[in-house]
1. Do you know which residues across the range 72-98 are more than 23 Å from M237 (Cα to Cα), surrounded by fewer than 22 Cβ atoms within 10 Å (Cβ to Cβ) and of a type in the set (S, T, Y)?
2. Can you tell me which residue in the range 218-247 is nearest to M282 (Cα to Cα), limited to those that are open to solvent by 10 Å² or more (accessible area, probe 1.4 Å) and either modelled with pLDDT under 85 or polar (S, T, N, Q) (or both)?
3. Could you look through the range 326-340, keep only residues that are outside any helix (DSSP H, G or I) and more than 16 Å from Q171 (Cβ to Cβ), and pick out the one that is most open to solvent (accessible area, probe 1.4 Å)?
4. How many of the residues making up the range 125-155 are open to solvent by less than 10 Å² (accessible area, probe 1.4 Å) and either under 14 Å from V40 (Cα atoms) or out of contact with any helix residue (DSSP H, G or I) (no Cβ under 9 Å at 6 or more places or on another chain) (or both)?
5. For the range 263-277, indicate whether the set of residues that are under 22 Å from the mean Cα position of the chain (by Cα), farther than 24 Å from R207 by Cα and not basic (K, R) is non-empty.
6. Could you say whether any residue in the range 317-325 is closer than 18 Å to V379 by Cα, of a type in the set (F, W, Y) and surrounded by 15 or more Cβ atoms within 10 Å (Cβ to Cβ)?
7. Of the conditions (1) under 17 Å from the mean Cα position of the chain (by Cα); (2) open to solvent by less than 30 Å² (accessible area, probe 1.4 Å), I210 fails just one. Which one is it?
8. Based on what the data block shows, is L69 in contact with a helix residue (DSSP H, G or I) (Cβ under 9 Å, 6 or more places away or on another chain), open to solvent by less than 30 Å² (accessible area, probe 1.4 Å) and in a loop (DSSP other than H, G, I, E, B)?
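The values are calculated or read from the model by the stated rules, or taken from the named source; none is laboratory data. These numbers were taken from a predicted model, which means no experiment stands behind them. In this analysis, Cβ positions are derived from the backbone assuming ideal geometry, glycine residues included, and neighbour counts consider all displayed protein chains. To get the accessible areas, we keep the full protein, side chains included, count just its heavy atoms, and leave off ligands, DNA and RNA. Shrake-Rupley method; radii C 1.70, N 1.55, O 1.52, S 1.80 Å.
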Amino acid sequence: MTSQDGDAISDAARLREADEPSSPVIRFGKDKPLPLDAGVDLAPWQIAYQTYGTLNADKSNAILICHALTGDQYVASTNPLTGKPGWWSMMVGPGKPVDTDRYFVICANVLGGCMGTTGPASTNPETGKAWALDMPLVTIRDMVRSQAMLIDALGIETLFAVIGGSMGGMQVLQWAASYPERVFSAACLCAGARHSSQNIAFHEVGRQAIMADPDWRRGSYLEFGARPTHGLAIARMAAHVTYMSDQSLHRKFGRSLQDRDEITFGFDADFQIESYLRHQGMTFVDRFDANSYLYVTRAMDYFDLAAEYDGVLADVFRGSRTRFCIASVNSDWLFPTSESRAVVHALNAVAGSVSFVEIDSPRGHDAFLLDEPELFNMVRGFLKGAAGARGIPAPGPDRGPEMGVRAAAPQSGEVKADG
C-alpha cells in the first residue's frame, strides 16, 4: 500500500484528510444545517473543494465539475495521498476543453466521501469518534444541496456550466432539476436518470463483500484500528470489471498468462486479468474508506430523477432554459446509450435545448476519463457555443500534444477506474 513515489500511505494520513483536508474547506455550523432526504438535518458539517483559474468580475464564468463514484476534488491537481495527477487532467487545465485560462473551475468532494467533506470517516462532534454508520444515509440530491451551499458561500449566483460523468453525471442532472435557474449549461457524460436494477445488483455484491470482512466490525473498524481491506478490494475488483468493456478486456489481456508459461492448476493469479484486478483492488484500499464506499454506492442506487414526477422524466425538465449536452459511449454496458437517449427524449418532449453524441470507443464506461479526442472535441464545442450565448470567452485553442499531460495549477497507463 504505497503512494506513487513508493511511500506507504499511513492510516493517520487518510484520517487527517477526512477531517483536515489538504484542499480548502468550508465549515458550516449548527446555524447552517444541511437538510437531508433521510429526513434529518446534518450539522455541523463541512465540504472540501479545489478551484482552478480566476473568477471574472461579474462571476459569470464558474464551472462546477462533479466527480464520479470514487473521485475527489483534485480534478486537475496532484492527489495529496497518492501523489497521482488529477483524475481529469486531460479535460481540465490551461488550453484544455475546460479551459482554466478562461473559466473558474470548482470541484468538491461529495457528501459521504472521505477526502474532507463530511462522511462516515469524519469525526462526529457529538462523540469525538468517526461517524461510521451513525451518519445518516445520503442521496445524490443531498450531494447537490451541499454543493449549492458551497457555491453560495463562494458568492456565485449562477454557474456557467456543470459537468460530470457517471455518478458525476447524475449530479449534473440533479443540479438541472433542483436549480434550473442557476445552471446555464449542463454536460452529462455516461450516466442516466436513474440507477438500473443491474447496477444496484453490482453495488450490493460490493457492499456485501465489505460487510462480510471480519475487520469491518459492523462499520466501527476505525475504533479498533482495523480496516476491511480484503472486502473493499473485492468490491473494487467487481466494480472495475463493469467500468471496462469485453473488447477492452480482450484487447488488453486476452487469455495471456501472468509471468508463467503454463497454468499452475491452482488458485494463484494464472491470468494477467486476475493479477490486474488484484492490483486494482489493493491500490484502491490505500486511498478510500470502506464505509464511504457503502454510502456513495447507496446514494447512486437511490437515484431516480423522475420519481417525484410520477415517473414522467420529461416533467423534470419542463420550462428549463438550461442548455444540455448528453454523451454516451457505445461500448458502455454500465450506462448504455439507451439511458442517455431517454434523457434526450425527455428534453425533446418539452422542447429543451439539447445536443447528443454517442462516442465510438471500445473502452467501455471509463472512456470518459481517458484520452478520447472525440469527447474532448465535444466538450470544447459545447462550451464554445454556450460561452457565445453567455457572452464570455470561449475555450482557448487546442494546444496540441501537451493537452494530455499538462495539469492546471490549483489556486489555494490508461486505467482510471471511474474517477
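1. Hits for the range 72-98 are T78, S89.
2. T229
3. Keep residues of the range 326-340 that are outside any helix (DSSP H, G or I), which gives 326-336.
Applying the additional criterion that residues be more than 16 Å from Q171 (Cβ to Cβ) yields 328-334, 336.
On the way: S328: 1, V329: 4, N330: 77, S331: 12, D332: 7, W333: 93, L334: 15, P336: 40 Å².
By that ranking, first place goes to W333.
4. 5
5. Start the filter on the range 263-277 by keeping residues that are under 22 Å from the mean Cα position of the chain (by Cα), which leaves 277.
This time we only want the ones that are farther than 24 Å from R207 by Cα, so: none.
No.
6. Start the filter on the range 317-325 by keeping residues that are closer than 18 Å to V379 by Cα, which leaves 322-325.
Now restrict to residues that are of a type in the set (F, W, Y): 324.
With the extra rule that they be surrounded by 15 or more Cβ atoms within 10 Å (Cβ to Cβ), the set shrinks to 324.
Yes, some residue in the range 317-325 is closer than 18 Å to V379 by Cα, of a type in the set (F, W, Y) and surrounded by 15 or more Cβ atoms within 10 Å (Cβ to Cβ).
7. If we test I210 against (1) under 17 Å from the mean Cα position of the chain (by Cα); (2) open to solvent by less than 30 Å² (accessible area, probe 1.4 Å), just (1) comes out false.
8. Working: in contact with a helix residue (DSSP H, G or I) (Cβ under 9 Å, 6 or more places away or on another chain): yes; open to solvent by less than 30 Å² (accessible area, probe 1.4 Å): yes; in a loop (DSSP other than H, G, I, E, B): yes.
Yes.
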